[in-house]
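S.K.: Please see the structure below; I have some questions.
The values are calculated or read from the model by the stated rules, or taken from the named source; none is laboratory data. Owing to the predicted nature of the structure, the values given are computational and were not obtained by experimental measurement. Every residue, glycine as well, gets a Cβ built from its backbone with ideal geometry; the counts of neighbours run over all protein chains shown. Just the protein is used for accessible areas: all its heavy atoms, side chains included, with ligands, DNA and RNA removed. Shrake-Rupley method; radii C 1.70, N 1.55, O 1.52, S 1.80 Å.
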Amino acid sequence: MNGVLVVFYSYSGVSNRAARLLASHLDWPVGEVTDGAPRAGFMGGLRCVMDSLMHRRPPIDYRGPDPSLFRTVLIVSPIWAYQMAGPMRSFIVANAGKILQFAQLTMMNSGGASNAVKEAARLFGRDPLLTAEFTSREIEDGTGTGRLLRFAQAVEDATSGKTPPPHRGWTSADSTEPIAP
């Protein structure tokens, strides 16, 4: 069984950037969740909000390795209306039974990561190995890069058995060090 697979959904490109940085840093394979229907324009944005608020599972496409071949799947997705993005919800529901353990990385403008973590744990039927949240600004301007890479190393170490995870949450968006929940 392989180590870590990074699976991301990205609407604005921020989650894509974070996921690919992590994957390239530790040579992890990447899978991408895409929308089954376009989300362009005002109506597409409205659909994003409605999918999140109503916990809908919109149609998706997934391109990447089979998640069942990995010890850990790191899911990376944005927060919409303080909830998990609908396409990532769809991916989790379709694959939860195939995934041994998961870690979660959320991108947000201001908040909602704790809601997404709770929902993912409920959908998977178990707690995540580790979680982290970042603001879009931290990814776009690079101020979160060091913390992002430390999080990736913690996921790698916990997955490989080098060290047990010291804590589950890396949830202070402006911190340079992980913070326990």
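S.K.: Let me confirm something: among Val49, Val14, which residue is aliphatic (A, V, I, L, M), in contact with a Phe, Trp or Tyr (Cβ under 9 Å, 6 or more places away or on another chain) and at pLDDT 90 or above? Quick ask: steps written out before the conclusion?
M.R.: Numbers: Val49 fails: at pLDDT 90 or above.
Checking each option against the conditions leaves just Val14.
S.K.: Looking for whichever is in contact with a Gly (Cβ under 6 Å, 6 or more places away or on another chain) and surrounded by 17 or more Cβ atoms within 10 Å (Cβ to Cβ) here; the options are Ile60, Ile92. Which one fits? So that I can check it myself, show each step before the final result.
M.R.: Working: Ile92 fails: in contact with a Gly (Cβ under 6 Å, 6 or more places away or on another chain).
Checking each option against the conditions leaves just Ile60.
S.K.: Gln101 passes all but one of (1) crowded, with 23+ Cβ neighbours inside 10 Å; (2) touching a strand residue (DSSP E or B) at 6+ places or on another chain (Cβ under 8 Å); which number fails?
M.R.: (1)
S.K.: To continue, here is another question. Go through (1) more than 16 Å from Leu22 (Cβ to Cβ); (2) charged (D, E, K, R); (3) open to solvent by 30 Å² or more (accessible area, probe 1.4 Å) one by one and return the number of the condition Glu140 breaks.
M.R.: Checking Glu140 against (1) more than 16 Å from Leu22 (Cβ to Cβ); (2) charged (D, E, K, R); (3) open to solvent by 30 Å² or more (accessible area, probe 1.4 Å), the one that fails is (1).
S.K.: Report, by residue number, each residue of region 56-115 that is among the polar types (S, T, N, Q) and modelled with pLDDT of 90 or more.
M.R.: Taking region 56-115 as the starting set, the residues that turn out to be among the polar types (S, T, N, Q) are 68, 72, 77, 83, 90, 95, 101, 104, 106, 109-110, 114-115.
The answer is Ser68, Thr72, Ser77, Ser90, Asn95, Gln101, Gln104, Thr106.
S.K.: Taking region 21-46, which residues are at pLDDT 80 or above and more than 12 Å from Leu74 (Cα to Cα)?
M.R.: Step one: filter region 21-46 for residues at pLDDT 80 or above, giving 21-34.
Hits for region 21-46 are Leu21, Ser24, His25, Leu26, Asp27, Val33, Thr34.
S.K.: Pairs needed: first member in region 8-27, open to solvent by less than 10 Å² (accessible area, probe 1.4 Å); second member anywhere, aromatic (Phe, Trp, Tyr); C-beta distance under 6 Å; at least 6 residues apart or different chains.
M.R.: Correct list of pairs: Ser15/Phe8; Ala19/Phe8.
S.K.: Here's a follow-up. How many of the residues making up region 63-89 are open to solvent by 20 Å² or more (accessible area, probe 1.4 Å), over 12 Å from Ser15 (Cβ atoms) and not acidic (Asp, Glu)?
M.R.: 9
S.K.: Something else about it: Look at region 1-15 and say how many of its residues are over 13 Å from Met88 (Cα atoms) and either among the small types (Gly, Ala, Ser) or not in a loop (DSSP other than H, G, I, E, B) (or both). Give the steps one after another, and end with the answer.
M.R.: Residues of region 1-15 that are over 13 Å from Met88 (Cα atoms), as a first pass: 1-5, 12-14.
Still in the list and also either among the small types (Gly, Ala, Ser) or not in a loop (DSSP other than H, G, I, E, B) (or both): 2-5, 12-14.
Looking only at that region, the number is 7.
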